[in-house]
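Derivation of every value follows stated rules applied to the coordinates shown; laboratory data play no part. Small disclaimer: the values here were computed from a predicted structure and weren't measured. Cβ sites come from the backbone with ideal geometry, for glycine too, and all protein chains shown count toward neighbours.
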């Protein structure tokens, strides 16, 4: 597959993209390209929408303070995202921003906030999450924007959880000494087939005993500790998703 051209600016468009189309940019996109990046009519921009692949566009004036993109040839075909849901207890603003960006870079297909007993945050700005996800896809050459889901309670998550999806339950009280071996064993048990995956990171206050017990009753769970050190939730996200990507995901 062709690699992304990291020399050209890259822009997510929530619109159909096809060769020969002219797509008007909204005010924020026009400001970013024209005033922040100082691009001018005739300059090239890579565009994608998560459905139609990546395309080369040319910036054009569309009237007073308005810009459009003339769509040229497709540079990369659309690729499917790894079927990987990231389930997490919400964090405060700056650390949530960081965690969302890193999870997107690691290839998650869904971001699902989960409200637990000891969660420190219960309200989330979903538009801010989406903006951070878009920024990460633009900067890292990612082709698919992950699904951003509204928060749900842990009880509802458990009740609705797909029994065919493998849940990697990250729990500081787990006795697993070798998380790589545990994940490898889960892969071998399923014949090495691609798996629908979910990674769960709880709040920094930990899971309540009854929450932990309910999670462990699910039919398809791998319970992991993430090493001998206690990690903050945003660090745990990177560690867990790196492990999963390397053993079960698309790093292989």
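A few comments on the model shown:
- A full extension of the chain between residue 37 and residue 66 corresponds to an added length of 8.9 nm, given 0.36 nm per residue minus the alpha carbon distance.
- When both bridge partners sit in the chain, DSSP labels roughly 40% of those beta bridges antiparallel.
- For the chain, the Kirkwood estimate of hydrodynamic radius, built from reciprocal distances between every pair of different alpha carbons, is 19.7 Å.
- Just so you know, the Cα atoms of region 89-142 work out to an Rg and Dmax of 11.3, 37 Å.
- On the principal axes of its alpha-carbon atoms, region 109-252 has extents of 37, 36, 31 Å, going from largest to smallest.
- 18 Å cut-off, amide nitrogen to a point 7 angstrom out along residue 26 Cα→Cβ, residues in region 142-160: 145-149
- Here the convex hull built on the C-alpha positions of region 185-252 has a volume of 103 cubic angstrom per residue.
- Percentage relative contact order, region 10-76, counting C-alpha pairs under 8 Å, at least six apart: 40
- Degrees between helix 179-189 axis and first principal axis of the chain (Cα, 0 to 90, nearest 10): 90
- The chain: angle of helix 93-105 to the longest principal axis, Cα-based, in degrees nearest 10: 80
- Ranking of 7, 93 by count of other Cβ atoms within 10 Å, fewest first: 7, 93
- Our summary gives region 84-247 a relative contact order of 31 percent, counting only alpha carbon pairs under 8 angstrom and 6 or more residues apart.
- From helices alone, the chain scores -9000 deg cm²/dmol at 222 nm; the rule is -39500 (n - 2.57) for each run of n ≥ 4 DSSP H residues, then divide by the residue total.
- The stretch between residue 98 and residue 213, if pulled fully straight at 0.36 nm per residue, gains 38.4 nm over its current Cα-Cα span.
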